[in-house]
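Notes follow once the structure below has been shown.
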Amino acid sequence: MRLMTYNIRCAIDRRKKHRQWPKRLELMADQIQQASIAGFQEVLPNQLDDLKKVMRNHRYVGVGRSLGDHDGEHVPIFYETKRWQKVESGHFWLSATPDIPGSTTWGNRIPRMCTWLRLIDRSSRRGLYVFNTHLDHLSWKSRRLSAQLLLATIQNRPSPGDPVVLMGDFNCRPGSTPLKTLLRDKRQLIDSFSKSSELPNASSTYNGWRPSKKGRRRIDFILLSPSLKLRNSQILCISRGSTVASDHHPVVADLDWA
């Protein structure tokens, strides 16, 4: 099964033709369809509608970050319906009041949230939890406390025997405090890049609209339970000439059941 996390960049760059959403969607369409489970970030309602059209073999869960409705940015999870059956799903805000839509209590001015769902593999009948999030880009306090909340939520999941995937744009690099928090116990979560063929100096997921992976700005992650069999993980560069599909590269991880 292929998992993907992808910050697709919200559709606000209308003045520059190569950054217009329809052109970018065309570039990324083939790759995102290949994911069995995909977590996206910075998804506006019109982009969500377009993703649903492109990913016809998938369904999604997700709500807007400000009011918990269809408006505003989403962090949706798409899953392949032929393989997966949704058992339950939900969302919470990265704040001291996680059940209150749009709540911001940790120094972040923009609401931050997490979408999650529990899936059952139709063939093996095994369960899997998937969490998708986007940590704040400015507030160090928010990122630190958000990581603690995410880890606590994962540890307290109703079916603790099911493995977990946590993915998203963390807005911080390997070795930062939020990543140390999430990866402190290797029995809980590991970084998918432990099985990556990427070179350290060519593993940047933030690209600044350049079709290159050079650099060390790896801020997008797929973390997973070590009980899952990780075959490979890589950063994809989706581009045509000098045009890139987003200001982030997607990360993919290919997994099997252990």
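The values are calculated or read from the model by the stated rules, or taken from the named source; none is laboratory data. As the structure is a computational prediction, the values presented were derived from the model and not from experiment. Here the Cβ is made from the backbone with ideal geometry for all residues, glycine too, and neighbour counts use every protein chain on show.
List of remarks:
- Selected residue (only one of ASP99, ASP69 is among the charged types (D, E, K, R), part of a loop (DSSP other than H, G, I, E, B), closer than 30 Å to ARG144 by Cα and touching a strand residue (DSSP E or B) at 6+ places or on another chain (Cβ under 7 Å)): ASP99
- Residues of the stretch 187-203 satisfying the condition of being in contact with a Lys or Arg (Cβ under 6 Å, 6 or more places away or on another chain) and either surrounded by 15 or more Cβ atoms within 10 Å (Cβ to Cβ) or under 11 Å from PRO226 (Cβ atoms) (or both): SER203
- Selected residue (only one of THR243, THR153 is in contact with a His (Cβ under 8 Å, 6 or more places away or on another chain) and touching a residue at least 60 places away in the same chain (Cβ under 8 Å)): THR243
- Qualifying residue in the stretch 135-149 (condition: in a loop (DSSP other than H, G, I, E, B), in contact (Cβ under 8 Å) with a residue 40 or more places away in the chain, within 25 Å of SER227 (Cβ to Cβ) and more than 15 Å from the chain's Cα centre (by Cα)): no
- Unique residue being more than 17 Å from PRO76 (Cβ to Cβ), in contact with a His (Cβ under 7 Å, 6 or more places away or on another chain) and not in a strand (DSSP E or B) when the list is ASN108, ASN171: ASN171
- Here is the figure for the stretch 204-237: residues that are of a type in the set (S, T, N, Q), surrounded by fewer than 21 Cβ atoms within 10 Å (Cβ to Cβ) and under 18 Å from the mean Cα position of the chain (by Cα) total 3.
- ASP13 vs. criteria at pLDDT below 95, farther than 13 Å from PRO250 by Cα, acidic (Asp, Glu) and surrounded by 15 or more Cβ atoms within 10 Å (Cβ to Cβ): yes
- Selection within the stretch 223-246 - outside any strand (DSSP E or B) and more than 22 Å from LYS180 (Cα to Cα): LEU236, CYS237, ILE238, GLY241, SER242, ALA245, SER246
- Complete set of residues in the stretch 176-186 that are modelled with pLDDT of 95 or more and either over 10 Å from LEU151 (Cβ atoms) or of a type in the set (S, T, N, Q) (or both): SER176, THR177, LEU179, LYS180, THR181
- Scan of the stretch 238-258 for residues that are touching a Lys or Arg at 6+ places or on another chain (Cβ under 7 Å) and surrounded by fewer than 15 Cβ atoms within 10 Å (Cβ to Cβ), ordered by number: ASP256, TRP257, ALA258
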